[in-house]
Amino acid sequence: MATTALLLKIVGAIIQVSSIVYTITAISKKRGKHIWIGVALFIVTCLLLTQATHMEDRIRGGYGY
């Protein structure tokens, strides 16, 4: 489970950075639909990273719920 949480964090961080770049590119090229795709990717990766952090907290017996 610790490996899964680590992989989720790595994948989430990579997708989050690329979604920011994607959104900035869409804004500069003035493509409305693509802006929303970038924002949706960013939100999904935020949820992914939150879930990975929650998994790590449960593994370590930390302050998670």
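Structure above, values below:
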read-out: Rounded to 10°, Cα long-axis angle of helix 2-28 versus longest principal axis of the chain; value: 20
read-out: Relative contact order [Cα under 8 Å, 6+ residues apart], the chain, whole percent; value: 43
read-out: Lys, Arg +1 and Asp, Glu -1 on Cβ, resulting dipole of region 6-63 about Cα centre, debye, nearest 20; value: 300
read-out: Structure-based [θ]222 nm, the chain - -39500 (n - 2.57) summed over DSSP H runs of at least 4, per residue, nearest 500; value: -31000 deg cm²/dmol
read-out: Inter-label distance for LYS33 and THR50, nm, one decimal - labels placed 7 Å from Cα along Cα-to-Cβ; value: 2.8
read-out: Per-bin percent of Cα-Cα distances, the chain [5 Å]; value: 4, 21, 21, 17, 13, 10, 8, 5, 2, 0
read-out: Rounded percent of accessible protein surface that carbon and sulfur make up, region 6-65, 1.4 Å probe; value: 72
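The values are calculated or read from the model by the stated rules, or taken from the named source; none is laboratory data. Predicted model, so just to flag it, every value in this text is computed and none were measured. Ideal geometry is used to build each Cβ from the backbone, glycine not excepted, and the neighbour counts take in all protein chains shown. Protein only, heavy atoms only, side chains kept; ligands, DNA and RNA dropped before computing areas. Shrake-Rupley method; radii C 1.70, N 1.55, O 1.52, S 1.80 Å.
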